[in-house]
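Contents: one structure, followed by commentary.
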Amino acid sequence: MADTVLKDGIQGITDLIIMPGLINLDFADVKSIISNAGTALFGSGEASGENRSIEAAKNSISSPLLEYSIEGASGILLNITGGPDLKLFEVNQAAEIIRNSTKRDADIIFGAVLDENRKDSLKVTVIATGFDEELIASRVAAKEKVSFEEKVLEETEKAGEEIEEEEETKEDYLDIPSFLRKKNQ
């Protein structure tokens, strides 16, 4: 899954720079968001049918591979890829969802690409950068602490179950009269 997400990210950036679209970006736009920005998050979402732009945008920022939210990002690179039926209204809907998920003063650069092979589906690619590194470190530490606590709890429960099983075995053993226990040994 991680390989697919990475491929999608690279493809999204490449499409943004190379493919003609409704809103074109160039390498300088990509470089301005990514250069010297520290930690970067990548998300990609795809949807089709009614409300596809809203669903794709939400999917792109709620990817299972994202370790934390994009809300603290100061730079966002957004690519919206759709087929010939892509409407500017859909581009605006997706961009609004992403904008509402970030800091108010975040620098958002977005493009919209037309892909003739894409039928009734829309893809939203988001690269978020410029996070507060201390905040990220505290979030990762908190996540690791929760993970450790869950592991300890799980091990404690396993040990408790094993003790209960041993006690049940001992009780079963004691239920057998001693002359039968000696006979079975």
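What pairs come out if I take residues in segment 39-56 that are touching a residue at least 12 places away in the same chain (Cβ under 8 Å) and pair them with residues that are part of a loop (DSSP other than H, G, I, E, B) and crowded, with 19+ Cβ neighbours inside 10 Å whose C-beta lies under 8 Å away, six or more apart or interchain?
If the second residue must be part of a loop (DSSP other than H, G, I, E, B) and crowded, with 19+ Cβ neighbours inside 10 Å, the pairs left are T39/F131; L41/I70; L41/A73; L41/F131; G43/I70.
For (1) at pLDDT below 85; (2) in a helix (DSSP H, G or I); (3) not assigned by TED's automatic domain parsing to the domain that holds L22, each residue gets a yes or a no:
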site: A47; (1), (2), (3): no, no, no
site: K58; (1), (2), (3): no, yes, no
site: A73; (1), (2), (3): yes, no, no
site: I76; (1), (2), (3): no, no, no
site: P84; (1), (2), (3): no, no, no
site: E90; (1), (2), (3): no, yes, no
site: I108; (1), (2), (3): no, no, no
site: E144; (1), (2), (3): yes, yes, yes
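Output the qualifying pairs, or none if there are none: Cβ atoms under 6 angstrom, residues six or more apart or on different chains, first residue in segment 112-125 and assigned by TED's automatic domain parsing to the domain that holds D8 and over 21 Å from G43 (Cα atoms), second residue surrounded by fewer than 17 Cβ atoms within 10 Å (Cβ to Cβ) and not polar (S, T, N, Q).
Listed pairs, sorted by first residue: K119/G83.
Tell me the residue from A73, A94, A47 that is crowded, with 21+ Cβ neighbours inside 10 Å, within 16 Å of L122 (Cα to Cα) and out of contact with any Asp or Glu (no Cβ under 6 Å at 6 or more places or on another chain), please. Outline the logic, then answer.
Details: A73 fails: within 16 Å of L122 (Cα to Cα); A47 fails: out of contact with any Asp or Glu (no Cβ under 6 Å at 6 or more places or on another chain).
Residue meeting the stated conditions: A94.
Out of segment 76-88, which residues are out of contact with any Leu (no Cβ under 8 Å at 6 or more places or on another chain) and either in contact (Cβ under 8 Å) with a residue 12 or more places away in the chain or buried (at least 17 other Cβ atoms within 10 Å of the Cβ) (or both)?
I76, L78, D85
Among residues belonging to segment 92-106 that are modelled with pLDDT of 85 or more and charged (D, E, K, R), point out the one that is farthest from A28 (Cα to Cα).
By that ranking, first place goes to E96.
The values are calculated or read from the model by the stated rules, or taken from the named source; none is laboratory data. No experiment lies behind these values; they were computed from the predicted model shown. Ideal geometry is used to build each Cβ from the backbone, glycine not excepted, and the neighbour counts take in all protein chains shown.
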